[in-house]
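Q: A single structure is presented below for examination.
The values are calculated or read from the model by the stated rules, or taken from the named source; none is laboratory data. Just so it is clear, the model here is predicted, and its values are computed rather than measured. Cβ: placed from backbone, ideal geometry, glycine included. Neighbour counts: every protein chain shown. To get the accessible areas, we keep the full protein, side chains included, count just its heavy atoms, and leave off ligands, DNA and RNA. Shrake-Rupley method; radii C 1.70, N 1.55, O 1.52, S 1.80 Å.
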Amino acid sequence: MASSCLSLRCICYIFLFISFLSSFLFVYSSYFSISCSNGIQILSIEKNAQDLDLLTFPSAWNHFNFPSQPPPRFLKIALFVKKWPDKRRAGGLERHALTLHLALAKRGHEIHIFTSSCTNLSSMKNLYFHFSKPTNAGYLDQATIWNQFQVEKLRRPFDVIHTESVALMHTRARNLTNLAVSWHGIGYESIHSDIIQELLREPEGTPSPILKERISKVVEEIKFFPHYSHHIATSDHVGDILRRIYMLPKERVHIILNGVDEEIFKPEVEDFKLEFGIQQSKSSLILGIAGRLVKDKGHPLIFEALKQVFNESLSFRDSVVVLVAGDGPWGARYQELGSNIHVLGPLEQAQLAKFYNVIDVFVNPTLRAQGLDHTLLEAMMVGKPLMATKLASITGSIINSRDIGYTFSPKVNSLKKVLYDVWKDGRVVLQKKGELARQRALKLFTASKMAAAYEKLFLCIAEKEKGRSDYCNYKAY
């Protein structure tokens with residue numbers, strides 16, 4: 001048994017080294033090829049705009065300034081999404097589906113949503129729901145949604161089909177040339193998360209067999225991903241993986257970073273502290289944590305780090321307030337840390353925007369190296385600096401310098417050091433970082449930026465079906 005555990009630990013360390021090396025090379029490459037040369041690159045794009053083929057563009061489409069006027073034509077779009085989000089308990093994939101397709105509907109496109117039943121029906125022109133009962137495993141019933149799709153298609157063909165992850169399985173998608181899939185987490189990313197979980201495991205704990213299973217899953221993904229015609233990576237890191245590791249042709253992989261509603265998440269003059277139980281007279285530094293309060297989102301990590309810092313420094317404990325928004329088993333545990341921890345439960349978007357306005361810095365200790373976390377983007381949009389785990393998707397697409405935030409390794413000591421750094425920097429420094437964070441968010445992470453990029457891609461796909469490619473060039477209309 002001991003040799004088995006030791007062997008698994010060795011495998012973990014080897015994978016960790018490979019994963020970190022891959023992430024380092026990607027981030028290093030991204031910094032010099034995108035961040036440092038981005039100004040030159042965009043200037044070159046503007047100069048040769050008519051000659052640029054968007055389908056082969058290697059970086060995020062969010063860097064472009066697409067026209068804001070009404071689109072040249074309105075599309076009929078089929079959306080497959082496992083679950084339409086409710087108001088308070090929406091995961092990142094569901095929030096992406098909601099934000100993006102509401103924006104596209106506002107632009108005049110006709111959106112048909114194939115999903116399981118829900119309680120949050122968005123009453124808006126151009127949105128049409130097709131409900132089905134999920135399978136016992138929680139997935140969409142493929143036979144049912146396919147039949148619904150075919151019936152609606154007979155009325156008038158769809159210009160574009162969009163599936164959020166594998167809501168529409170590859171067995172159904174393989175012959176649809178006008179289909180695009182958005183990836184919010186892939187198996188290769190998960191290996192990094194699994195390694196972190198294994199290294200954080202207590203010595204007496206049972207080793208998890210998940211790593212071996214995950215490698216098999218990655219192999220399976222590499223086999224069936226080509227069945228989808230177009231792939232949309234929601235982070236720069238995933239775009240690199242899809243092209244390099246999954247070996248997908250570059251013209252079929254497109255990077256469009258997630259966006260959040262800039263009309264909801266914005267700085268407010270009004271002070272909302274009293275709404276969250278914080279006295280107006282108190283000059284405490286306010287840390288904010290939001291999302292699902294579960295293990296793989298890093299809550300045991302931040303819990304232990306705060307516990308140790310509170311015990312080590314009476315000054316820190318007396319001058320810091322922590323607001324925790326979300327639901328999950330760790331909500332009750334946070335209350336054990338004392339009266340300066342305020343557990344708020346799940347919040348609707350309007351309340352969540354107020355939450356971001358109240359805090360001084362947003363903390364995301366996630367251990368999941370998947371997708372591009374919406375909470376980080378929301379906090380940036382409100383003008384707050386970030387504290388987040390050093391994961392490739394975060395350092396490659398969001399926190400690209402210390403000017404807008406802090407990063408830490410998924411270890412208690414690393415997180416404690418950053419907590420002390422934030423505390424010592426104080427509110428004035430944090431406000432300056434927050435201003436720069438908002439500037440970056442407005443350039444890359446607005447819902448309108450994201451929707452414009454998707455609209456351009458969908459127009460390109462629809463026109464290519466007719467043998468035309470004008471819409472696949474930058475500034476073609």
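Q: Could you list, in sequence order, all residues of region 239-287 that are hydrophobic (A, V, I, L, M, F, W, C), closer than 20 Å to His184 by Cβ and assigned to a loop (DSSP other than H, G, I, E, B)?
A: Result: Ile245, Leu248, Ile256, Leu257, Phe265.
Q: How do the pairs read when you match residues in region 289-303 that are farther than 17 Å from Ser193 by Cα with residues anywhere that are crowded, with 20+ Cβ neighbours inside 10 Å and β-branched (Val, Ile, Thr), using Cβ under 6 Å and keeping only pairs 6 or more apart or on different chains?
A: Correct list of pairs: Ile289/Val324; Ile289/Val363; Ala290/Thr375; Gly291/Thr375.
Q: Could you check region 432-468 and list, in sequence order, the residues that are in contact (Cβ under 8 Å) with a residue 40 or more places away in the chain and of a type in the set (Gly, Ala, Ser)?
A: Hits for region 432-468 are Gly434, Ala437, Ala441, Ala447, Ser448, Ala451, Ala452, Ala453, Ala462.
Q: Right, something else. Take Ser208 and tell me if it is free of Cβ contacts under 8 Å to residues at least 24 places away in the same chain, hydroxyl-bearing (Ser, Thr, Tyr) and assigned to a loop (DSSP other than H, G, I, E, B).
A: So Ser208 passes the test.
Q: Something else: Kindly establish whether Ser229 is open to solvent by less than 40 Å² (accessible area, probe 1.4 Å) and at pLDDT below 90.
A: No; evaluated as a whole, the condition is false for this residue.
Q: Now a separate question. Condition first: over 11 Å from Leu100 (Cβ atoms) and of a type in the set (A, V, I, L, M, F, W, C). Now tell me which residues in region 428-451 satisfy that.
A: Val428, Val429, Leu430, Leu436, Ala437, Ala441, Leu442, Leu444, Phe445
Q: What are the residues in region 132-176 that are among the aromatic types (Phe, Trp, Tyr) and either crowded, with 16+ Cβ neighbours inside 10 Å or more than 26 Å from the chain's Cα centre (by Cα) (or both), if any?
A: Trp146, Phe149, Phe158
Q: Next question. Among the residues of region 100-108, is there at least one that is in a strand (DSSP E or B), out of contact with any Gly (no Cβ under 8 Å at 6 or more places or on another chain) and crowded, with 21+ Cβ neighbours inside 10 Å?
A: Initial filter on region 100-108 (in a strand (DSSP E or B)): none.
Taking every residue of region 100-108 in turn, none turns out to be in a strand (DSSP E or B), out of contact with any Gly (no Cβ under 8 Å at 6 or more places or on another chain) and crowded, with 21+ Cβ neighbours inside 10 Å.
Q: Continuing with this model, one more query. Listed residues Ser393, Ser409; which is out of contact with any strand residue (DSSP E or B) (no Cβ under 7 Å at 6 or more places or on another chain), closer than 28 Å to Glu198 by Cβ and modelled with pLDDT of 95 or more?
A: Ser409
Q: While we're on this one: Are there any helices (runs of 4 or more DSSP H) wholly within region 288-401 with 2 or more residues that are open to solvent by 30 Å² or more (accessible area, probe 1.4 Å), and if so which? Please lay out each step first, then the result.
A: On the way: elements: 299-312, 314-319, 330-334, 349-358, 374-382, 392-397.
Ranges flagged: 299-312, 314-319, 330-334, 349-358.
Q: From (1) modelled with pLDDT of 95 or more; (2) under 30 Å from Asn65 (Cα atoms), pick out the condition that doesn't hold for Glu221.
A: (2)
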